[in-house]
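I have placed the structure first, in the form of structure tokens, so that the comments after it can refer back to it.
The values are calculated or read from the model by the stated rules, or taken from the named source; none is laboratory data. Keep in mind that what you see is a predicted model, and the values were worked out from it rather than measured. Cβ coordinates were reconstructed from backbone atoms using ideal geometry, including for glycine residues, and neighbour counts include every protein chain displayed. The protein model used for the area step is the full one, side chains on, heavy atoms only, and it has no ligands, DNA or RNA in it. Shrake-Rupley method; radii C 1.70, N 1.55, O 1.52, S 1.80 Å.
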Amino acid sequence: MKLVVISDTHGWHDGIKNMPDGDVLIHCGDFTNIGEHEQVEDFIQWMAGQPHRFKIFIAGNHDRSFDTNFPRSNRDNQWLKDVHKRIQDLGLYYLENSSVDILGVKFWGSPITPDFYPEMWAFNCPRTDIMKYWKTIPLDANVVITHGPPQFKLDWTKSGKYVGCGELMYTIQEVKPRFHFFGHIHESYGVVKTR
């Protein structure tokens, strides 16, 4: 099974050229700027139009219209229900602290990140409470998809800080998925091999 992974397109998904072939296309969140309905609708149609047999995505802190707990989102609950139905009808998989089994491979995904200007961004959780999400990662998850990084793995920011989640790091070490994919910290893109 060949996996193709992208993240943090912020409404610029149409600009991706030469998308690699693969069996599963995964987007690790931030597919919009601030959750604009038009960008969500466009992204869903774009994702559905990709040639990969399976398509999985999660939201990120910028995708505010997907966070039903975000007080300042431009969400509309009926619109969001309709979007989730369309996602299913198009054969896409949206994961929000949930999993899907594809050809015997278990994928688990979450948009949650440690607090970072929670008044502005979605899916934020205080570091003191975040473990309640990571405890829901199945021990048999083969692929974990989170928006944010674990601590000390591609989490260095240009302000000179490591901002990854320590609790996520410990959980990943316990679960030991074959792959852990994430985005969020633009300046720390790349690949880290741990095996």
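Data for the structure
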read-out: Residue among Tyr162, Tyr189 that alone is within 16 Å of the chain's Cα centre (by Cα) and at pLDDT below 90; value: Tyr189
read-out: Filtered residues of segment 82-100 (kept if charged (D, E, K, R) and in a helix (DSSP H, G or I)); value: Asp82, Lys85, Arg86, Asp89
read-out: Test: residue in segment 144-156 that is among the hydrophobic types (A, V, I, L, M, F, W, C) and within 14 Å of the chain's Cα centre (by Cα); value: yes
read-out: Residue list for segment 20-39, restricted to those being among the aliphatic types (A, V, I, L, M), modelled with pLDDT of 95 or more and surrounded by fewer than 22 Cβ atoms within 10 Å (Cβ to Cβ); value: Val24
read-out: Complete set of residues in segment 32-61 that are among the hydrophobic types (A, V, I, L, M, F, W, C), part of a helix (DSSP H, G or I) and out of contact with any helix residue (DSSP H, G or I) (no Cβ under 7 Å at 6 or more places or on another chain); value: Met47, Ala48
read-out: Residues that are in contact (Cβ under 8 Å) with a residue 40 or more places away in the chain and not in a loop (DSSP other than H, G, I, E, B), drawn from segment 17-31; value: Val24, Ile26
read-out: Qualifying residues in segment 55-113 (those that are in contact with a strand residue (DSSP E or B) (Cβ under 6 Å, 6 or more places away or on another chain) and of a type in the set (D, E, K, R)) - the one most open to solvent (accessible area, probe 1.4 Å); value: Lys106
read-out: Criterion: within 23 Å of Ile44 (Cβ to Cβ), part of a loop (DSSP other than H, G, I, E, B) and touching a residue at least 12 places away in the same chain (Cβ under 8 Å) - qualifying residue of Gly109, Gly148; value: Gly148
